[in-house]
């Protein structure tokens with residue numbers, strides 16, 4: 001939540017308004033867990049639209065209205081086309097034609113438009129909510145932050161289990177912490193990585 005701000009009003013007086021906004025920080029990784037670095041994106045929350053490029057670590061960060069839904073579009077360049085088939089050298093004039101005859105891209109002049117690679121846009125519907133507090137429910141708070149940071153705990157919300165321990169160990173490994181699998185050992189680092 002952003003702190004109070006002061007705004008001038010036409011009467012010359014000032015008033016303090018509390019704007020319900022939150023800081024949204026997202027890290028985008030491809031299926032191989034490489035960051036989507038320096039990619040164009042559009043983040044829409046309510047009527048607020050943010051345009052930009054992802055950072056080198058695939059992240060983006062914005063103050064957004066305190067609404068519960070949004071959308072993120074990530075534009076990726078067209079995949080590189082495969083190798084083009086070049087024409088074979090013409091056979092000598094007295095040689096018989098090859099059988100079967102070779103087929104080349106130039107034989108299909110209208111196919112170049114159909115097969116030309118196009119840019120790809122990935123789209124995510126976002127459900128935005130503030131994570132649980134460590135003061136209220138530490139287990140749920142840790143699981144939500146692990147999930148938001150990309151560590152899967154499928155089906156174990158609110159109950160510790162083997163997937164939660166595996167996610168904690170993976171988080172510890174990624175951040176150079178001793179691998180204990182204990183939620184209590186990662187609370188500070190979760191807050192630093194997720195809430196900062």
Does residue 7 satisfy the criteria of being over 30 Å from residue 174 (Cβ atoms), outside any strand (DSSP E or B) and modelled with pLDDT under 70? no
Counting only residues in region 125-143 that are modelled with pLDDT of 85 or more and under 22 Å from the mean Cα position of the chain (by Cα), the one surrounded by the fewest Cβ atoms within 10 Å (Cβ to Cβ) is identified as 125
Just one listed residue, out of 64, 42, is at pLDDT below 85 and part of a strand (DSSP E or B), and it is 64
_Condition check for residue 122: within 29 Å of residue 44 (Cα to Cα), surrounded by 12 or more Cβ atoms within 10 Å (Cβ to Cβ) and modelled with pLDDT under 85_ = no
Within region 179-196, restricting to residues that are surrounded by 16 or more Cβ atoms within 10 Å (Cβ to Cβ) and part of a loop (DSSP other than H, G, I, E, B), the one that is nearest to the chain's Cα centre (by Cα) is 186
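The values are calculated or read from the model by the stated rules, or taken from the named source; none is laboratory data. In this text the structure is predicted, and so the values were computed from the model without any measurement. Note that each Cβ is placed from the backbone with ideal geometry, even for glycine, and that neighbours are counted across all protein chains shown.
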